[in-house]
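What follows is a single structure, written as structure tokens, with notes after it.
The values are calculated or read from the model by the stated rules, or taken from the named source; none is laboratory data. Just so it is clear, the model here is predicted, and its values are computed rather than measured. Please note: Cβ atoms are built from the backbone with ideal geometry, for glycine as well, and neighbour counts cover all protein chains shown.
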Amino acid sequence: MQRSGWLLILVLIAAIGIGGFAWYRFEGESPGLQAPEAELVIGKNGMKLDLRASDARSGLRSLHVAVAQPAGEKVLFDESYPGNLLSGGTRSEQATTVQLDPATLGPLTGPATLSISVRDWSWRGAFSGNETRRDLPLRVDLEPPRIEVTSGISGITYVRQGGSGSVAYRVSEPTARDGVRVGTAEFRGFPRKGGGANERIALFAFPTGIDAKSPVRVFAEDAAGNSSEAGWAVVVQPYVQPEGKVQLTQTFLEQVVPRLAPGGAAGDVAFQEVNTRVRAENEKKIRELAANTAPELLFTGNLHQLANSKVTSRFGEKRIYMVDGREISRAVHFGYDLASLSGAPVTATAAGRVLYAGDLGIYGNCVVLDHGLGLASLYGHLSRIDVEPDARVEGDQRLGLTGATGLAGGDHLHFATLIGNTYVDPIEWWDAKWVADHVAPNLNPQPIAQ
């Protein structure tokens, strides 16, 4: 072959190589960007903007964050990463946090947009690289929501430790969260049925473990994190929890405890494990279930105690478990033990929705109902369950039969009520007059004075 032929082949090979390399460097895959996608509202405390950029092919070239307004652009973050047009970049991932503070942003005049731009080292875009861009509406809000308590209960609101209460209120703007704060405990607010757009109602509890002198206040927080509180006349009646000793028999330790203890262990050490760790796991699950509540009450009137039942243990009892004259464990009994005939029908205390129907550790076969606005009821130690999860039930509808499943020494119903995360004494909710005086007035919105 002549020299010119070899030269032509070499030129073709070079052209193919260069073309292949150019095709590779002209790749069109945009960089990845993990960032918010909705409007950003900045409050007086500012916010942290977490960003993550990635590009596995050409490598990251730059990350740029700026606030754009009609008057111009203010750069908040601008960083370039090592690389070149020949070999590309050396960094494939970058995580960054940009602090957005009202003082740094300055006064925003007119519409503002937070622009986030990520580029790579591709030859696309006239060698400027592929770009991923996200433009987010930006707003600074330094005003906290205003709260007006509009409770339909005249005069002073009386609530006792371990008991319940309700309050109606109005907020000046849509909130990210609102409700009632009792000490450190919080209870969600919900739209007030039949009321205006920003009229709210909250059921709340006063936990037995919180000091009776703790404040009870309505709180509201907007999307920017601005928050406010408002109080009203509340008198808290202290509650002295009863204390009782429970004598555990060897039969109970050897036959009941192994059903729940790890590895089927028996004895007082196994009971302590069940009464602490297993109980805590069960209570965590109950609170997770109770969080799935309807935004309105699912029943009218009051709750009902199990028919033909006798109270054998009351709410809030501090139990000391004894074996052969020595203490082996402690727990608080946050419910009522109701005794009836063996295998007696267990009925719904009021209309609601089944949140759970199945085995629940120390509570054995258990049903949990949601009654709306954060109010839930629990039925434990059943011998049989007659309802399915997510079913709607009417008041007095049969849920199952009493039994001795779980950590129970005999046939009975363990009945409990919760508001949010907190157990409350059901005796108030069983009382039609209490409901009429303390809850019903706040369910019906009052006309706004002109």
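Okay, residues lined up against (1) aliphatic (A, V, I, L, M); (2) buried (at least 19 other Cβ atoms within 10 Å of the Cβ):
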{"residue": "162", "(1), (2)": "no, yes"}
{"residue": "179", "(1), (2)": "no, yes"}
{"residue": "194", "(1), (2)": "no, no"}
{"residue": "230", "(1), (2)": "yes, no"}
{"residue": "245", "(1), (2)": "no, no"}
{"residue": "261", "(1), (2)": "yes, yes"}
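Among residues belonging to the range 26-44 that are assigned to a loop (DSSP other than H, G, I, E, B) and touching a helix residue (DSSP H, G or I) at 6+ places or on another chain (Cβ under 9 Å), point out the one that is surrounded by the fewest Cβ atoms within 10 Å (Cβ to Cβ).
Looking at residues that are assigned to a loop (DSSP other than H, G, I, E, B) and touching a helix residue (DSSP H, G or I) at 6+ places or on another chain (Cβ under 9 Å), I get 44.
Here is a list: 107, 82. Which entry is out of contact with any strand residue (DSSP E or B) (no Cβ under 6 Å at 6 or more places or on another chain), modelled with pLDDT of 90 or more and farther than 19 Å from residue 38 by Cα?
On the way: 107 fails: modelled with pLDDT of 90 or more.
On inspection, the qualifying residue turns out to be 82.
Among 289, 306, 253, which is assigned by TED's automatic domain parsing to the domain that holds residue 353 and touching a Gly at 6+ places or on another chain (Cβ under 7 Å)?
253
Just for the range 47-75: of the residues that are under 18 Å from residue 110 (Cβ atoms) and part of a strand (DSSP E or B), which one is modelled with the lowest pLDDT? It would help to see each step written out before you state the result.
Residues of the range 47-75 under 18 Å from residue 110 (Cβ atoms): 66-74.
Next, only the ones that are part of a strand (DSSP E or B) stay: 66-69, 72-74.
Working: 66: 92, 67: 90, 68: 87, 69: 86, 72: 83, 73: 86, 74: 89.
Per the criteria, the residue is 72.
Quick check, is residue 122 outside any loop (DSSP other than H, G, I, E, B) and in contact (Cβ under 8 Å) with a residue 12 or more places away in the chain?
no
Regarding residue 218, is this residue farther than 19 Å from residue 333 by Cα, in a strand (DSSP E or B) and modelled with pLDDT of 95 or more?
So residue 218 passes the test.
So residue 72 ticks every box in (1) in contact with a strand residue (DSSP E or B) (Cβ under 9 Å, 6 or more places away or on another chain); (2) free of Cβ contacts under 8 Å to residues at least 12 places away in the same chain; (3) of a type outside the set (S, T, N, Q) but one. Which box is left unticked?
Failing condition for residue 72: (1).
Just to be sure before I move on: is residue 346 within 28 Å of the chain's Cα centre (by Cα) and at pLDDT 95 or above in the structure I sent? Steps first, please.
Details: within 28 Å of the chain's Cα centre (by Cα): no; at pLDDT 95 or above: yes.
Here the answer is no, as residue 346 does not meet what is asked.
Hey, among the residues in the range 113-155 that are within 28 Å of the chain's Cα centre (by Cα) and of a type in the set (Asp, Glu), which one's modelled with the highest pLDDT?
Per the stated criteria, the residue is 148.
Is it the case that residue 428 is closer than 28 Å to residue 210 by Cβ and among the charged types (D, E, K, R)?
Taking the combined requirement at face value, the residue satisfies it.
Give the residue that is surrounded by the most Cβ atoms within 10 Å (Cβ to Cβ), with candidates limited to residues of the range 94-112 that are more than 32 Å from the chain's Cα centre (by Cα) and part of a loop (DSSP other than H, G, I, E, B).
Only one residue fits best here, namely 108.
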